[in-house]
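The values are calculated or read from the model by the stated rules, or taken from the named source; none is laboratory data. Note that the coordinates shown come from a computational prediction; the quantities given were computed from them, not determined experimentally. Every residue, glycine among them, receives a Cβ derived from its backbone with ideal geometry; neighbour counts consider all protein chains shown. SASA here: full protein model, heavy atoms, side chains in, ligands and nucleic acids out. Shrake-Rupley method; radii C 1.70, N 1.55, O 1.52, S 1.80 Å.
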Amino acid sequence: MLGALADAFDDWCRTSSIWPLTPAADTASAVERFYDEYLASPFRDQAGGSRFNNLLWLFLLTRATRPSLIVDSGTYRGASAWAFANAEPECPILSFDIDLSSLARRTPGVTFLQSDWATHEFTGYDLSRSLAYFDDHVDQGRRLEEAAARGVPWLVFDDDFPVTSFVSMAHDGNALPKIEFLLDDGLRGVSTISWERNGREIQWPIDHQRLERLRTLIAATDRLPNTSLITGIHQTPYRLVSTAIK
Ligand SMILES: C[S@@+](CC[C@H](N)C(=O)[O-])C[C@H]1O[C@@H](n2cnc3c(N)ncnc32)[C@H](O)[C@@H]1O
C-alpha cells in the first residue's frame, strides 16, 4: 500500500506542471516514515479532520515544493498543520482558525492563530514562494482573491466540489463558489443554483461578473489523483491552483 502511494505521487510529479516541483528521490521511505508517525499521532481518530490520504499529499507536496511560508487556514485539531511541519520543519507555518478550542496537538514550529488569515499582516515573510491550504468552509472565490492580492502563488483547496455534488459542503451557500464552479462552462447561462437542505430550499444567485473576475486569477489548475482505492479511505482529492499574480 505504501509503495503504491509513493508511486502515485512520483507519477503525478512527473506529469504535473502546475508549479515547480523538485521531488526528493526517497518518496517510498518518506511515505513509510509518515505512515508510522500518523499511526502514533492523535489524528488517526476520525473526528472530522483530514485523513491519511490527504495528509500524506500535503506532506509530499510540501517536500517537493519547499515553500518559503505555509498558511494553513482551518486548523481544527491541527492535523494539516502537523503534516506540513513534518515535511518542512524549518519553514514558517501559520495555522489559522476562528476557534482553536479543538486543537489536539500544538505541533512545535507551527504558529497557531485564532483569527481569519485575511486579517493577518504578513510583514517580514517571503510570500513569493508561499503555499496556502484552505480547509475552512469559506467561499473559495474569496480565498482565491485574498491569496492573489497577497501574492501567494500556490494554493491547495479541500472540499472543491462540482455543481453536481457540492450540497453537503455548501454551508448554506456561504462556502460558494467552489473553484469547480469557475471552471464549469455549463453554469454560464444559469442565473440561480437552488438546492434543498434539511427540508429547506436554498438559493444561490450566480454573480457572473464575479466569477469572470475570479477566473482571471487562476493561472493553472489541477486535481490531485484519487488514491482512495489504494487505502480504502475515501476522500475528495485536493484542487491545486497556481495564482495569476498581477
Ligand atoms: C474541516 S476543519 C479543518 C480541518 C484541518 N485542516 C485538518 O487537517 O484536520 C474546518 C475548520 O475551519 C474553521 N474555520 C471556519 N471559518 C474559518 C475562517 N474564517 N478562518 C479559519 N478557519 C475557519 C472551523 O472552525 C474548523 O475548525
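Tabulated data for the structure shown
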{"item": "Accessible solvent surface per residue of the chain, calculated while the other protein chains remain in place, 1.4 angstrom probe, Å²", "result": "45"}
{"item": "Accessible area of residue 34 in the full protein assembly, 1.4 Å probe (Å², nearest 10)", "result": "0"}
{"item": "Shape call, the range 173-246: gyration tensor on alpha carbons, a/c limit 1.5", "result": "oblate"}
{"item": "Kirkwood-Stokes translational diffusion coefficient of the chain, alpha-carbon pairs, 20 °C, 1.002 mPa s, µm²/s", "result": "115"}
{"item": "Separation of the residue 149 and residue 13 label points, Cα + 7 Å toward Cβ, nm", "result": "3.5"}
{"item": "By accessible area with a 1.4 Å probe, ligands and nucleic acids excluded, highest first: order of 234, 171", "result": "234, 171"}
{"item": "Antiparallel bridge percentage (DSSP; both residues within the range 107-226; nearest 5)", "result": "60"}
{"item": "Percent antiparallel among DSSP beta bridges (both partners in the chain, rounded to 5)", "result": "45"}
{"item": "Surface accessible to a 1.4 Å probe, residue 167 within the full protein complex, Å²", "result": "40"}
{"item": "Principal axis dimensions, the range 87-214 - Cα atoms, whole angstrom, descending", "result": "47, 32, 25"}
{"item": "Sites excluded, GluC sites (Glu not before Pro) in DSSP loops with at most 14 other C-beta within 10 Å, longest stretch of the chain", "result": "122-246"}
{"item": "Whole-number percent relative contact order across the chain, with pairs defined as alpha carbons under 8 Å at least 6 apart", "result": "18"}
{"item": "Rounded percent of accessible protein surface that carbon and sulfur make up, the range 2-243, 1.4 Å probe", "result": "47"}
